[in-house]
1. Yes or no: segment 66-80 includes at least one residue that is touching a residue at least 24 places away in the same chain (Cβ under 8 Å), under 23 Å from the mean Cα position of the chain (by Cα) and under 29 Å from Met139 (Cβ atoms).
2. Go through segment 76-93 and give me each residue that's under 18 Å from Gln188 (Cβ atoms) and in contact with a Ser or Thr (Cβ under 9 Å, 6 or more places away or on another chain).
3. Pairs, please: C-beta under 7 Å, at least 6 apart or cross-chain, first residue under 14 Å from Asn117 (Cα atoms) and in segment 153-167, second surrounded by fewer than 18 Cβ atoms within 10 Å (Cβ to Cβ) and not basic (Lys, Arg)?
4. Of all helices (runs of 4 or more DSSP H) completely enclosed by segment 132-214, which ones contain at least 3 residues that are within 16 Å of the ligand (Cβ to nearest atom) and open to solvent by 40 Å² or more (accessible area, probe 1.4 Å)?
5. Inside segment 20-48, can you point out the residues that are in contact with a Phe, Trp or Tyr (Cβ under 9 Å, 6 or more places away or on another chain) and open to solvent by 50 Å² or more (accessible area, probe 1.4 Å)?
6. Run Asn117 past the list (1) in a helix (DSSP H, G or I); (2) in contact with a Pro (Cβ under 9 Å, 6 or more places away or on another chain) and report the number of the one that doesn't hold.
7. Among the listed residues Tyr63, Tyr17, which satisfies the condition of being farther than 30 Å from Ile126 by Cα and surrounded by 14 or more Cβ atoms within 10 Å (Cβ to Cβ)?
Amino acid sequence: MEEKEISQAVISRLPRYFRYLSELKYAGIERVSSQELSDIMKVTASQIRQDFNNFGGFGQQGYGYNVEFLHNEIGKILGLDRTHHLIIIGAGNLGQALANYVNFERRGFLFRGLFDNNPDLHGKKIRGIEVQPMESMEMFVKDNDIDIAVLTIPKTEAVTVAEQLVNYGIKGIWNFAHVDLNVPENIQVENVHLSDSLMKLSYNISRFELDNTK
Ligand code: NAI
């Protein structure tokens with residue numbers, strides 16, 4: 001059977017479903033209806049059913065969904081049923097902050113290595129992980145089954161470093177540098193721009209003010 005292409009809009013909503021289902025699961029709740037999910041998540045029940053129908057529906061409506069099953073299935077779709085091994089390139093403010101955040105590990109994202117081209121940082125440990133020189137990166141990626149690289153370096157450096165990473169066999173790049181990377185189609189890139197989120201917030205503040213001064 002030919003696999004149906006799922007829209008990126010649906011995919012981008014899955015992590016939020018996953019988070020809410022994790023909470024329900026840890027609260028010991030076994031069943032949830034699309035209406036109950038809709039109430040806690042503030043999305044319509046029909047949106048939830050439509051999203052889930054992309055994956056076969058995950059169980060009958062009316063009777064509700066089995067929380068653990070739904071949680072596991074969405075986790076599998078998101079590739080969270082396996083461990084990902086990450087390295088961070090750029091051990092500055094952002095790179096260190098990400099390395100210090102422990103909760104990624106709960107989802108199976110393990111930070112294995114930190115790399116920087118500033119010799120003053122080499123040997124410095126963040127949560128037990130030593131910052132290494134860039135020259136060690138190739139061997140490290142190959143020896144440690146690294147599949148994801150996190151780029152927290154200046155944008156002027158990011159394109160070249162991304163090309164190196166591709167040659168070393170990386171599968172995905174979590175790119176915080178504000179530049180479009182030039183990588184082959186088989187390499188997955190997720191660009192993160194916190195300022196986009198801030199601009200959206202700013203827009204909503206302006207819109208609210210405008211609506212309320214009418
Ligand atoms: P930072 O200056 O504190 O850290 C950058 C680190 O990269 C430094 O330790 C530097 O030695 C290292 N570096 C520079 N060139 C390198 C190379 N070729 N190879 C290896 N390491 C190299 O900067 P900060 O604040 O941590 O920001 C890092 C990057 O993330 C910047 O590009 C910044 O614009 C971006 N950023 C993106 C955000 C987002 O939402 N996407 C939010 C904040 C920062």
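The values are calculated or read from the model by the stated rules, or taken from the named source; none is laboratory data. Given the structure is predicted, the values throughout are model-derived calculations rather than measurements. With ideal geometry, Cβ positions are generated from the backbone for all residues, glycine too; neighbour counts draw on all protein chains shown. Just the protein is used for accessible areas: all its heavy atoms, side chains included, with ligands, DNA and RNA removed. Shrake-Rupley method; radii C 1.70, N 1.55, O 1.52, S 1.80 Å.
1. First pass over segment 66-80, keeping only residues touching a residue at least 24 places away in the same chain (Cβ under 8 Å): 66-68, 70-71, 74-75, 77-78, 80.
After this cut, where a residue has to be under 23 Å from the mean Cα position of the chain (by Cα) as well, the list is 67-68, 70-71, 74-75, 77-78, 80.
Going one step further and asking which of them are under 29 Å from Met139 (Cβ atoms), we end up with 80.
For segment 66-80, residues touching a residue at least 24 places away in the same chain (Cβ under 8 Å), under 23 Å from the mean Cα position of the chain (by Cα) and under 29 Å from Met139 (Cβ atoms): present.
2. Listed by number, the residues that qualify are Ile88, Ile89.
3. Partner pairs satisfying both residue conditions: Ala158/Val179.
4. Working: elements: 137-143, 155-168, 194-213.
Result: 155-168, 194-213.
5. Arg31, Ile40
6. It is condition (1) that Asn117 fails.
7. Among Tyr63, Tyr17, only Tyr17 is farther than 30 Å from Ile126 by Cα and surrounded by 14 or more Cβ atoms within 10 Å (Cβ to Cβ).
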